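What follows is a short report on a single structure.
Quick note: the coordinates plus some simple rules give every number you see, no bench work behind them. A quick note: this is a predicted structure, and the numbers were derived from the prediction, not measured. As a convention, Cβ positions derive from the backbone with ideal geometry for all residues, glycine included, and neighbour counts pool all protein chains shown.
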Amino acid sequence: MENKTLPNAGNHIVWLDVMRFVAMFTVVCCHCADPFNFFPGEAPANIGEIKFWGAAYGAFLRPCVPLFVMITGALLLPVKGEASVFYKKRIPRVLWPFLIWSVLYNLFPWFTGLLGFSPDVILDFFPFSGEEATRQSLSVSLKNIADIPLNFSLLDVHMWYIYLLIGLYLYLPIFSAWVEKASDRAKLWFLAAWGITTLLPYYYEYVSPYLWGTCSWNSYGMLYYFAGFNGYLMLGHYLRKLEWPVGKILAIGIPMFVIGYAVTFFGFRHMTGLPEFSDEQLELFFTYNSLNVVMMTAPIFMLVKKVNIKSPVVQKALANLTLCGFGVYMVHFFFTGPSVVVMRMIGIPLCLQIPCAAVLAFAVSWAIVYLIYQIAGKKAKYIVG
């Protein structure tokens, strides 16, 4: 997600605050769907219904991460000033919270062992944490911590995005030099090339693992340099300036979203219905850089741009989320699994458990981050961004 200090009234953009809220809540909701798609322990009699709702919500929520990247592109492209100043301002405010919370997530299984909790509680918090985590071993935790410079663990899966975000920050001033000088036509050509790359995951799966120069000794094909999340950066930058009436957005956006959702949902259900499938096959139709997810994300971005909130109270709450949002992302993964457990315990209907759990996890996370800001003051930026 875009890490950003609270803007002053002179340059405050309310619809971007709404966009952050939509992106933040949907990412929490998406992680609340994890216990439905990766059910830990013995499967209950209604596992089919559980997995259906996991797929239904999981597919619907795929725009969550692309929206964060589009917000970054809308706000920061083109980058103003020297690259060194940009790096100094952006990267430390991401890096320190990332390191602190990564350590805490990976120490969690060991803490549960010290406190005498059953290993099963770890699966309630992190449904796909794996057998090693349930050992509640300090050595396992320390190994995961030592691996933080290389990658995330199964206990802090959501941190994958922070590695990506740091990479985007490193790339932005370089990409920005072209964006600043490029015409709208050139930007559209870039987006068209990127759009072609969003079909490549399906080509590699169903046609051939190699295309346009890729082979066993070369992974960088013809359109490699147009691929990835930099396309969402450009899309956010481009769509911020594109103004359509609401009627046109709905007329084009609703069919786009429905088609994108249908491909995502039925594709995921097809993959999970196979007798055997790899992790890559499981995630194929959930891939963020796929045309179906782009088709879902762009209409949401355009529609949220039209939101006009005039209430000072709501604007203030949204502005506070801008301040607390990065911290909410850091913290929320502790509460998504337990929130689902709570919903099951109190008998919430299965079809409503994921959004209700998301409301609880989001509220608790926001409250914790707000409290950290109240206690730590300016030093809170090192803890929650």
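As a quick test, which of the pairs Lys181/Lys248; Lys88/Lys187; Lys248/Lys306; Lys241/Lys378; Lys80/Lys181; Lys316/Lys381 have an alpha carbon distance above 23 angstrom in this structure? As for pairs spanning more than 23 Å Cα to Cα, those are Lys181/Lys248; Lys88/Lys187; Lys241/Lys378. Counting Lys +1, Arg +1, Asp -1, Glu -1, what net charge surrounds Trp110 among other residues with beta carbon under 12 Å of its beta carbon? It works out to a net charge of +1. Computed over the chain, the Cα gyration tensor eigenvalues convert (square root of 5λ each) into semi-axes of 31, 27, 23 Å, ordered from largest to smallest.
Coupling constants for region 115-125 follow from the phi torsions by the Karplus curve (6.51 cos²θ - 1.76 cosθ + 1.60, θ = phi - 60°), and in residue order they are 7, x, 6, 5, x, 4, 5, 5, 5, 5, 7 Hz; glycine and proline get x. Each Lys or Arg adds one and each Asp or Glu subtracts one; over the other residues with Cβ under 14 Å from the Cβ of Phe190, this totals +1.
In region 161-253, the C-alpha radius of gyration followed by the widest Cα-Cα span (Dmax) gives 15.8, 50 angstrom. As I understand it, the dipole of the chain uses +1 on the Cβ of Lys and Arg and -1 on the Cβ of Asp and Glu, about the Cα centre. Which of Phe60, Gly327, Asn151 lies farthest toward its positive end? Comparing the listed Cα positions along the dipole, Gly327 ranks first.
By the Cα gyration tensor, region 50-207 has an equivalent ellipsoid whose semi-axes, rounded to whole angstrom, run 37, 23, 13 from largest to smallest. Over region 46-132, the ratio between the Cα radius of gyration and 2.2 N^0.38 Å evaluates to 1.63.
Phi angles across region 30-35 convert, under the Karplus curve 6.51 cos²θ - 1.76 cosθ + 1.60 with θ = phi - 60°, into 3J(HN,Hα) values of 4, 6, 6, 7, 4, x Hz, Gly and Pro given as x. When only the Cβ of Lys, Arg, Asp and Glu is charged (+1, +1, -1, -1), the dipole of the chain relative to its Cα centre reaches about 1780 debye. Across the chain, C-alpha contacts under 8 Å between residues 6 or more apart give a mean separation that, scaled by the residue count, equals a relative contact order of 31 percent.
Quick one: if the Förster radius is 35 Å, what FRET efficiency do Lys80 and Trp160 give, using the C-beta to C-beta distance and rounding to 0.05? Efficiency at R0 = 35 Å is approximately 0.75. Phi angles of region 343-351 translate, via the Karplus equation with coefficients 6.51, -1.76, 1.60 and θ = phi - 60°, into HN-Hα couplings of 4, 5, 5, 8, x, 5, x, 3, 5 Hz per residue; Gly and Pro are given as x.
Compute the orientation-averaged projected area for region 261-365 from the convex hull of its Cα atoms and round it to one decimal in nm².
Over all viewing directions, region 261-365 projects a mean Cα-hull area of 9.4 nm².
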